[in-house]
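Enquirer: Take a look at this one; I'll ask things after.
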Amino acid sequence: MRALTVRPGTAGTAQLEDRPDPAPSDGQLLVEGLAIGVCGTDREIIAGDYGTAPPGRDRLVLGHESLGRVRHAPPGSDFHDGDLVVGVVRRPDPVPCGACAHGAFDMCRNGRYTERGIKELDGYAAQLWTVEPDYAVRLDPRLAEVGVLMEPTTVVAKAWEQADTIGARSWYDPQRVLVTGAGPIGLLAALLGIQRGLDVHVLDRVATGPKVDAVAALGATYHHGPVDEVAGKLQPDVVIEATGAGSVVFDAIANTAPYGITCLTGVSTPGRRLSIDAGAQNREIVLENDVVVGSVNANLGHYRAAAEALGRADVDWLRRLITRRVPLEQFTEALTAHPDDIKVVLTLS
Ligand code: BGC
């Protein structure tokens, strides 16, 4: 079988490899890989800036946004041959820390967690892969074309849960949300906002194109003006930040409604400096009881919430988010960004 591998820490080492078919160990599912989503983290790994190979090896199979079909499910596993599944990204640390011991491996405290396709575990960018049934999630069969959006949906399911948990510390009745960034994370965050009955606004830089159309088709409002102006007018109760751009982050934080919650999901590139009025930022956060929270990854509860959200979504709308499907053999093509890309997917079979 073929797999897309990389030597972490060295730029430009991504290549297709022929590898022996994996043999599922006791209790594991054998899964035929259907597709893999490409995200910023994959690009960082390919650029040599992130990622770790499994211990004792120098190459890592890429891919953490998975979608596959069960080829063989062991008896008694709760899965059946033919089930549509995704594999969970993270595994608890081996110590384990208190959070991992309680199933909150997305909140790992000692950093010794592992992640498929990212950190010390081979990923899902392979024509066949194995997974422990406890770390596989079944999807509604009608999501066969779009189920590869599951992993980014788990990330936003967690982001929304963070906002709810923080909101619940006092009286809370959010009405308006601003999502900054109309990439896959931003659009999926907007979808969950609409599913919650909120007044959803999405801000990005482009003035036309598939992102703008996707926001309109969702019943949300699109903006492409300066963040401080847009957020200043909207006074959102919740901001889900999905650009990771420093100026967007700070302008959003400064313009929430009182008791505003800003959830940061964008993994930014270090080294870009910005001049901000730290006193004004602090004053506003204190005087308005605002909260800024970072959120990464997802645990099994978020996977269940995401599967439920995707199950309720309009498949035609989800299909809009996958703007290119590229066969595995042409992976370099998938890694080159096009201006109208939302989610680029590598097809594996
Ligand atoms: C993935 C997360 C992962 C994070 C850091 C993101 O792209 O979606 O699951 O925890 O990268 O490695």
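The values are calculated or read from the model by the stated rules, or taken from the named source; none is laboratory data. Note that the coordinates shown come from a computational prediction; the quantities given were computed from them, not determined experimentally. Don't worry about glycine lacking a Cβ; one is built from the backbone with ideal geometry, like all the others, and counts go over all protein chains shown. The accessibility values were calculated without ligands, DNA or RNA, using every heavy atom of the protein model including side chains. Shrake-Rupley method; radii C 1.70, N 1.55, O 1.52, S 1.80 Å.
Enquirer: L16: net charge of surrounding residues, Cβ under 13 Å, Lys/Arg +1, Asp/Glu -1, itself excluded?
Expert: Taking every Cβ under 13 Å from that of L16, the sum is -1.
Enquirer: With +1 on the Cβ of every Lys and Arg and -1 on the Cβ of every Asp and Glu, and nothing else charged, how large is the dipole of the chain about its Cα centre, in debye rounded to the nearest 20?
Expert: Dipole of the chain, to the nearest 20 debye: 280 debye.
Enquirer: Could you list which residues have their amide H under 5 Å from that of A35, counting only those 5 or more apart in sequence or on another chain, with H placed in the peptide plane?
Expert: Under 5 Å from the amide H of A35: L67, L348.
Enquirer: Compute, for segment 32-160, the length of the dipole vector about the Cα centre, with Cβ point charges of +1 (Lys, Arg) and -1 (Asp, Glu) only. Units Debye, rounded to 20.
Expert: About 200 debye.
Enquirer: Hey, if you put +1 on the Cβ of every Lys and Arg and -1 on every Asp and Glu Cβ in segment 153-294, which of V267, A252, L218 ends up farthest toward the positive end of that dipole?
Expert: The residue sitting most towards the positive pole is V267.
Enquirer: Still on this structure, please answer the following. When ligands, DNA and RNA are left out and all protein chains stay put, how many square angstrom of accessible area per residue does the chain have with a 1.4 Å probe?
Expert: Per-residue value: 44 Å².
Enquirer: Helix-only mean residue ellipticity at 222 nm, the chain, DSSP H runs n ≥ 4 weighted -39,500 (n - 2.57), per residue, nearest 500. What is it?
Expert: -8000 deg cm²/dmol
Enquirer: For labels at E44 and Q235 in the simple 7 Å Cα→Cβ model, what's the distance in nm?
Expert: Result: 3.6 nm between the two label points.
Enquirer: Under a 5 Å amide H to amide H cut-off, with H placed in plane at 1.01 Å, what residues pair with T221 once short-range neighbours are removed?
Expert: So T221 has HN proximity to V200, H201, V202.
Enquirer: Taking the Cα centroid of segment 39-113 and of segment 297-323, what is the distance between the two, rounded to the nearest whole Å?
Expert: 18 Å
Enquirer: Also, I was wondering about something else. Highest mean first, how do 64-76, 231-243 rank when packing is the count of other Cβ atoms within 10 Å averaged over residues?
Expert: My ranking of the peptides, most packed first, is 231-243, 64-76.
Enquirer: Once label points are set 7 Å from the Cα along Cα→Cβ at both A144 and S268, what is their separation, rounded to one decimal in nm?
Expert: 4.4 nm
Enquirer: Taking θ = phi - 60°, what integer Hz values does the Karplus form 6.51 cos²θ - 1.76 cosθ + 1.60 yield along segment 102-109, in sequence order, with x for Gly and Pro?
Expert: Those phi angles translate into 9, x, 9, 5, 5, 10, 3, 8 Hz.
Enquirer: Here's a follow-up. Could you tell me what percent of the accessible area of the chain is made up of carbon and sulfur, with a 1.4 Å probe and every protein chain present?
Expert: It is 51 percent, rounded to a whole number.
Enquirer: For R196 and T332 in one chain, what is 0.36 nm times their gap in residues minus the Cα-Cα distance, to one decimal in nm?
Expert: 45.1 nm is the gain from fully extending R196 to T332.
Enquirer: While we're looking at this one, here's another question. Let me make sure I get this right: for the chain, a, b and c are the square roots of the gyration tensor eigenvalues over alpha carbons, sorted descending. Under 1.5 in a/c it's rounded, otherwise prolate if a/b > b/c, else oblate. Which is it?
Expert: prolate
Enquirer: Among the lysines, which have Cα under 26 Å from the Cα of K211 when same-chain residues fewer than 8 positions away are ignored?
Expert: K158, K233, K343
Enquirer: Nothing charged except the Cβ atoms of Lys and Arg (+1) and of Asp and Glu (-1): what's the magnitude of the dipole of segment 153-294 about its Cα centre? Round to the nearest 20 debye.
Expert: 300 debye
Enquirer: Can you work out the Karplus-derived ³J(HN,Hα) for every residue in segment 129-146? Use 6.51 cos²θ - 1.76 cosθ + 1.60 with θ = phi - 60°, whole Hz, and x for glycine or proline.
Expert: Couplings: 9, 10, 7, 6, x, 5, 10, 10, 10, 7, 10, 4, x, 6, 9, 3, 8, 10 Hz.
Enquirer: How big is D, in µm² s⁻¹, for segment 153-294 by Stokes-Einstein at 25 °C and 0.890 mPa s if Rh is the Kirkwood radius over C-alpha pairs?
Expert: 164 µm²/s
Enquirer: Right, another one. Please compute the modelled spin-label separation between S247 and E17, points set 7 Å along Cα→Cβ, answer in nm with one decimal.
Expert: About 4.2 nm, to one decimal.
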